[in-house]
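Heads up: the structure comes next, in structure tokens.
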Amino acid sequence: KEWFSTLGEGKSMAWLLKAASQNIIDAQYLLAQELLSGVRLQKNEDQGMYWLNKAADGNSSGNITAKLRLAWILATHPNKDIRNGALALSYFNTIDEDHKDKQSYYRTAAAVYAENADFEKAEKWQKKALSDAKSLELPLNGLNAELLSYQNKQAVREVL
């Protein structure tokens, strides 16, 4: 790959790329997250989205987290050329409501419905996220701000 040099020369990154290239979903997702965040690797949104799409592809039970993350990005990305509410909803609809990460599930549901201009459902899901966060004693500022956006009929935008 041309961009292999962005991974550095570490053996762990070489193994991660090799595993991702061999269609190991967890490796694809991890590589996507690293490229999108720029924490350990040089940030590269195009490559990150490539690997996230690969990880989310198909109907494997192992790619639910990737589908949820992709739905979030498709619903909240600040670039309108990347946002796609209909595609975000199609990814989101493949995930069972009993997903183990309730915060991500509820917040993604709210963001996806808001991007599709269904602000009533967005508020409903965001209120579930707030209730869950309160029970977990998580900070509520960001969640309240998102709820206010939905109440004002505005979708949320998040920079990667």
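The values are calculated or read from the model by the stated rules, or taken from the named source; none is laboratory data. All of these numbers come straight from a predicted model, not from anything done at the bench. Here Cβ is always computed from backbone atoms with ideal geometry, including for glycine, and neighbour counts include all displayed protein chains. Side chains included, ligands, DNA and RNA excluded: accessible areas come from the protein's heavy atoms. Shrake-Rupley method; radii C 1.70, N 1.55, O 1.52, S 1.80 Å.
Sort 82-89, 37-44 by packing, meaning the average of other beta carbons within 10 Å per residue, with the highest value first.
So the peptides 82-89, 37-44, ranked by packing, come out 82-89, 37-44.
Pop out the ³J(HN,Hα) list for the stretch 18-26 in order, Karplus 6.51 cos²θ - 1.76 cosθ + 1.60 with θ = phi - 60°, rounded to Hz; leave Gly and Pro as x.
Working through the residues one at a time gives 4, 5, 4, 5, 9, 6, 8, 4, 4 Hz.
Kindly report the accessible area of the chain per residue (heavy atoms of protein chains, probe 1.4 Å, no ligands, DNA or RNA), in Å².
For the chain, the solvent-accessible area averages 55 Å² per residue.
For every other residue with a beta carbon closer than 9 angstrom to the beta carbon of residue 160, add +1 if it is Lys or Arg and -1 if Asp or Glu, then tell me the sum.
Residues close to residue 160 contribute a combined charge of -1.
If I compute solvent accessible area with a 1.4 Å probe over the protein chains, what percent of it on the chain is carbon and sulfur?
Carbon plus sulfur share of accessible area: 48 percent.
With θ taken as phi - 60° and the coefficients 6.51, -1.76 and 1.60, list the Karplus ³J(HN,Hα) couplings across the stretch 131-140 in order, rounded to whole Hz; mark glycine and proline as x.
Values, residue by residue: 4, 5, 5, 4, 5, 8, 6, 8, x, 10 Hz.
Taking a spot 7 Å from the Cα of residue 136 along the direction of its beta carbon, which residues of the stretch 88-105 have an amide N less than 15 Å from it?
Residues passing the 15 Å test: 98-105.
Can you show me the helix-derived [θ] at 222 nm for the chain, built from DSSP H runs with n ≥ 4 at -39,500 (n - 2.57) apiece and divided by the number of residues, rounded to the nearest 500.
Value at 222 nm, helices only, nearest 500: -19500 deg cm²/dmol.
So how do 146-158, 45-57 stack up, highest first, on mean other-Cβ count within 10 Å?
Working: 146-158: 16.2, 45-57: 19.0.
Per-residue mean Cβ counts within 10 Å order the peptides as 45-57, 146-158.
Can you compute 3J(HN,Hα) from phi for each residue in the stretch 91-97, using the Karplus curve 6.51 cos²θ - 1.76 cosθ + 1.60 with θ = phi - 60°, rounded to whole Hz and x for Gly and Pro?
5, 4, 5, 8, 9, 5, 5
Where a Cα-Cα gap under 30 Å defines reach, which lysines qualify for residue 43, not counting those fewer than 8 residues away within the same chain?
Hits, sequence-local ones excluded: 1, 11, 18, 54, 67, 80, 100, 102.
Compute, for the chain, the length of the dipole vector about the Cα centre, with Cβ point charges of +1 (Lys, Arg) and -1 (Asp, Glu) only. Units Debye, rounded to 20.
About 100 debye.
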